Amino acid sequence: MLTPTPHISVAPMMDWTDRHCRYFHRLISPHVRLYTEMVTTGALIHGDQRRHLDYSPEEHPLALQLGGSEPDDLATCAKMGEDWSYDEINLNCGCPSERVQKGAFGACLMAEPDTVARGVEAMIRAVSIPVTVKCRIAIDDEDDVPFLTRFIDRVSGAGCRTFIIHARKAWLKGLSPKENREIPPLRYDIVRDMKSRYPHLNIIVNGGITTLPEISDHLKYVDGVMIGREAYQNPWILSAIGADFFGHVSASKHDIVARMTDYTARMHRDHGVPVKSITRHMLTLFQGERGARAWRRALSTTAHLDGATENIIMDALGALEASG
Ligand SMILES: Cc1cc2nc3c(=O)[nH]c(=O)nc-3n(C[C@H](O)[C@H](O)[C@H](O)COP(=O)(O)O)c2cc1C
C-alpha cells in the first residue's frame, strides 16, 4: 500500500541518499517516503550486505532500490530487503549511466519489458512488501507513449502496481547521467496520460519538481510526487512539505542540528563513521539565511580534519550565530 497520503518521496540518489542523509531528512519530515541509493544485486549477493542494507529504524517508511535484471538474483535481494524490514523494493529502470548499461540494467531495461516483467514476478513471489518500478518515459528514439504503454502493460501484468516515472526520456548514447537529468525535455503530460490510461495503478511523477505549488498541481493528476535534487540541495523544503501536506510542524533547525549532533556522536563513536560523512549532507540546511555561508564554511573546513568530532557541528552553529 502507498502510505501515507499524499504520497511524497525523496528520490534515490547515488552517493547522496545514504543512511546518514536519510536520517537527516527523516528528522525534518516524518512522512515522506525515503529511498536508498541504488544497490546492485551483485553488490548484495557478493559484497558486504550489512554495509549496503543497514539503516536506522527511524528511517521508515523506507524503500530499497535494486539495480539488476536476473530474476533469481532480484528475488534473492528483494528477500534480503524484506528480511531487513524495508517497506518496499524498487527496481531501477531509469538510470542511464554507462556502467549500468554494461551491467544491462537501469534505463536500458525499458527496451526489454519481458525481462523486467520476469524480474518483477520473481520479486513479488519472493516477498510480501510492495515491489515498484522507477523508469523514464522512454529511451532514445522510441516513440514515447507507445513505448511507455508497452512497458507498463507488460510490467503491470507481472504484478507491479506502482510506477515512478521520471518525466524525461533517457538518451543512452551521447549524454552523461547528469545531462540526462537536464537536457531531455520534461513531459509531465505523458505521465498524467498514464494515470488516465491506468487508473488502477499508482503513478508517481518525478523530475524537475522544486516548489510546493508544483507538488499540489501534480497531485491533482497523479498519485504521488518524488523529489530528488531539490530535497538534497534545499532540505528545508521537507519541513514546508510536512506543514502543507501532512499538517506536521517540524522541529526547529536548531533542534534538528542538536539531534544530528547526537546521531553523529553515536555513529562516530560506535561505528567509526567519519564526521564528514554525516555533516556533508547538512551543508545547505541554512541556505538563504543570514550566516548560512559561515555555517557551510565552518562545517566543510573542519569536518575532514583528523580528530574531528561531533563538536564541530555546534562550533559551526556558533559561527552562524556570530555572523548572523
Ligand atoms: C546525484 C544523483 C544520483 C542519482 N542516483 C540515482 C539512483 O541511484 N537511482 C535512481 O533511480 N535515480 C537516481 N538519480 C535520479 C533521481 O532519482 C531523479 O530521478 C532525478 O534526479 C530527477 O528528479 P529531480 O529533478 O527531482 O532531481 C540520481 C540523481 C542524482 C542527482
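Computed from the coordinates by the stated procedures, all read-outs in this text should not be read as laboratory data. Fair warning: this is a prediction, and the values are worked out from it, not measured in the lab. In this analysis, Cβ positions are derived from the backbone assuming ideal geometry, glycine residues included, and neighbour counts consider all displayed protein chains.
Using only C-alpha positions, report the orientation-averaged shadow area of the convex hull of the chain, nm², one decimal.
16.1
Across all directions of projection, what mean area in square nanometres is found for the Cα convex hull of region 1-90?
So the Cα hull casts an average projection of 5.6 nm².
In nm, give the distance between the simple-model label positions of Ala104 and Glu59, each being 7 Å from the Cα along the Cα-to-Cβ direction.
The two pseudo-label positions are separated by 3.0 nm.
Which entries of Lys173/Lys276; Lys79/Lys253; Lys134/Lys220; Lys79/Lys220; Lys169/Lys276 have Cα-Cα distances beyond 31 Å here?
Check vs 31 Å cut-off fails for Lys173/Lys276; Lys79/Lys253; Lys79/Lys220; Lys169/Lys276.
Using just the Cα positions, wrap region 253-323 in a convex hull and report its mean projected area in square nanometres, one decimal place.
4.0
Compute the relative contact order of the chain as a whole-number percentage, counting only Cα pairs closer than 8 Å that sit 6 or more residues apart in sequence.
The value is 15 percent.
I need the helices of the chain that pass two filters: whole DSSP H segments spanning 15 Å or more by Cα along the axis, and mean Kyte-Doolittle score no lower than 1.6.
none
Ratio of region 73-180's C-alpha Rg to 2.2 N^0.38 Å, to two decimals?
For region 73-180, the normalised Cα radius of gyration comes out at 1.04.
Could you check the spin-label model distance between Ser196 and Glu214? Points 7 Å from the Cα along Cα→Cβ, value in nm.
2.3
For the chain, modelled as a Gaussian network with Cα springs under 10 Å, which listed residue fluctuates most, Glu82, Glu37, Glu58?
Fluctuation is largest for Glu58.
Want the number for Thr284 to Glu179: 0.36 nm per residue separation, take away the alpha-carbon distance, what's left? Walk me through the numbers on the way to the answer.
Numbers: separation 105, 0.36 × 105 = 37.80 nm, distance 2.30 nm.
Here the segment from Thr284 to Glu179 would lengthen by 35.5 nm.
Multiply the residue separation of Ser252 and Asp306 by 0.36 nm, subtract the distance between their alpha-carbon atoms, and state the gained length in nm to one decimal.
16.4 nm
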